[in-house]
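What follows is calculated from the coordinates using simple rules that are stated; it is not laboratory data. Just so you know, these numbers come straight off a predicted model, no measurement behind them. Glycine also receives a Cβ, built like all others from the backbone with ideal geometry; neighbour counts cover every protein chain displayed.
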Amino acid sequence: MNGVIGMTSLLLDSNLSPEQREYAQIVRSSGENLLHIINDVLDFSKIEAGKMSLESVEFDLVRAVEGVAGFLAEKAQSKVWM
């Protein structure tokens with residue numbers, strides 16, 4: 001999946017028609033979504049097999065939420081049609 005996502009990113013850096021760019025963006029987005037699903041399935045498999053242990057760590061919730069909000073705002077802004 002990383003190869004597909006990487007090659008699609010290279011494709012998006014080239015000269016494409018608007019229609020081709022839209023299709024390539026859909027391929028990249030679909031690949032990223034599938035990669036997340038694959039990683040989640042692998043994580044669940046590790047948990048069920050007892051191969052993954054969880055640890056408790058302190059963290060700054062406000063900072064974490066602000067970071068996620070900033071990341072999502074950037075992605076949302078890139079989706080805005082002007």
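Remarks
- Remark: the F71-F59 segment gains 2.5 nm on full extension, using 0.36 nm per residue and subtracting the alpha carbon distance.
- With Cα atoms, 0 to 90° folded angle of helix 18-48 axis to the chain main axis: 10 degrees
- Filtered chymotrypsin sites (Phe, Trp or Tyr not before Pro), the chain: DSSP coil and at most 15 other beta carbons within 10 Å: F59, W81
- The calculated 222 nm mean residue ellipticity attributable to helices in the chain amounts to -25500 deg cm²/dmol, summing -39500 (n - 2.57) over DSSP H runs of n ≥ 4 and dividing by all residues.
- Nearest-ten-degree value, helix 61-79 long axis tilted from longest Cα axis of the chain: 20 degrees
- Among the trypsin sites (Lys or Arg not before Pro) found in the chain, those both in a DSSP coil and sparsely packed, with 16 or fewer other Cβ atoms within 10 Å of their Cβ, are K51.
- The chain: C-alpha gyration tensor shape, a/c 1.5 cut-off, then a/b vs b/c: oblate
- Environment charge at L16 (Cβ cut-off 13 Å; Lys +1, Arg +1, Asp -1, Glu -1): -1
- For the chain: relative contact order, % (alpha-carbon pairs under 8 angstrom, 6 or more apart): 25 percent
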